[in-house]
Amino acid sequence: GGVSQHFRGTSKKNPYNYGLGVHYQWTEDVAVLAGMYHNSLARTSKYLFVEYQPLEIWNTRIGVTAGVVDGYSDNGGNSLVVVPSWSKQFTGYTLYGLVAPPHKGKEGVIAIGVKIPFDELGWFKKK
């Protein structure tokens, strides 16, 4: 889950976007993400993303996240997402963020979240 800040808009949005997802680190640069969260419109969104972060600056991975997400249109359709993203790993957790600029009359958003590995939660014991 995470928090979001909208810009270039006057409507009030839900800034607390709790959710649950899985993150599979396929290679050093590529990860696959899937999950669901309570979006800024107070709806449940489901997503499937591929994260490509080939650059590393100040121990922060930088790249792009692309995929599909639902829960933002009134007709229930999916939206294609391609946005700049970053992640920074710490002991026990990872901070991540993305920026979606305003597009086609929609507000832009900056979002920041936290990823916690299963083993840090004690769900899976390393042998």
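Electrostatic bookkeeping for GLY21 treats Lys and Arg as +1 and Asp and Glu as -1; over the other residues with beta carbon under 13 Å from its beta carbon, the sum is +1.
VAL22 to ARG43: extension gain in nm, 0.36 nm per residue of separation minus the Cα-Cα distance? Show your work: numbers first, answer last.
Values: separation 21, 0.36 × 21 = 7.56 nm, distance 1.96 nm.
Computed gain between VAL22 and ARG43 is 5.6 nm.
Name the shape class, rounded, prolate or oblate, that the alpha-carbon gyration tensor gives for the stretch 1-75, where a ≥ b ≥ c are the square roots of its eigenvalues, rounded holds for a/c under 1.5, and otherwise prolate holds if a/b is larger than b/c and oblate otherwise. Spell out each step's value before the answer.
Numbers: a/c = 2.32, a/b = 1.60, b/c = 1.45.
The shape class here is prolate.
Computing Cα extents along the principal axes in Å for the structure here picks out one of (i) 50, 31, 22; (ii) 51, 34, 24; (iii) 45, 28, 25, namely (i).
Net charge near PHE49: determine it from the other residues with C-beta under 15 Å of the C-beta of PHE49, scoring Lys and Arg +1 and Asp and Glu -1.
Working: positive: LYS46, ARG61, LYS115; negative: ASP29, GLU51, ASP70.
Here the charged neighbours net out to 0.
Largest to smallest in accessible area, the residues LEU48, LEU80 fall in the order LEU80, LEU48 (1.4 Å probe, all protein chains included). For the chain, the number of Lys pairs separated by eight or more positions or lying on different chains, with C-alpha atoms closer than 21 Å, is 10. Relative to the Cα centre, the charge distribution of the chain, modelled as +1 at Lys and Arg Cβ and -1 at Asp and Glu Cβ, gives a dipole magnitude of about 280 debye.
Counting only protein heavy atoms, what percent of the accessible surface of the chain is carbon or sulfur at a 1.4 Å probe? Walk me through the intermediate numbers first.
On the way: 5530 of 8880 Å².
Carbon and sulfur atoms account for 62 percent of the accessible area of the chain.
Accessible area ranking (1.4 Å probe, heavy atoms, ligands and nucleic acids excluded), largest first, for LYS106, LYS13, LYS46, LYS115: LYS106, LYS46, LYS13, LYS115. For the pair LYS106 and THR91, label points projected 7 Å from Cα toward Cβ lie 4.0 nm apart.
Among the protein heavy atoms, those of HIS38 account for about 40 Å² of accessible surface (1.4 Å probe, every chain in place). For the chain, the 222 nm mean residue ellipticity estimated from helices alone, with every DSSP H stretch of n ≥ 4 adding -39500 (n - 2.57) and the total spread over all residues, rounds to -500 deg cm²/dmol.
Averaged over its residues, the chain has an accessible area of 70 Å² per residue, based on protein heavy atoms and a 1.4 Å probe.
The values are calculated or read from the model by the stated rules, or taken from the named source; none is laboratory data. None of the values given here were measured: they were computed from a predicted structure. Quick reminder, even Gly has a Cβ in these numbers, built from the backbone with ideal geometry, and neighbours come from all protein chains shown. Just so you know, the surface numbers come from the protein's heavy atoms only, side chains and all, with ligands and any DNA or RNA stripped out. Shrake-Rupley method; radii C 1.70, N 1.55, O 1.52, S 1.80 Å.
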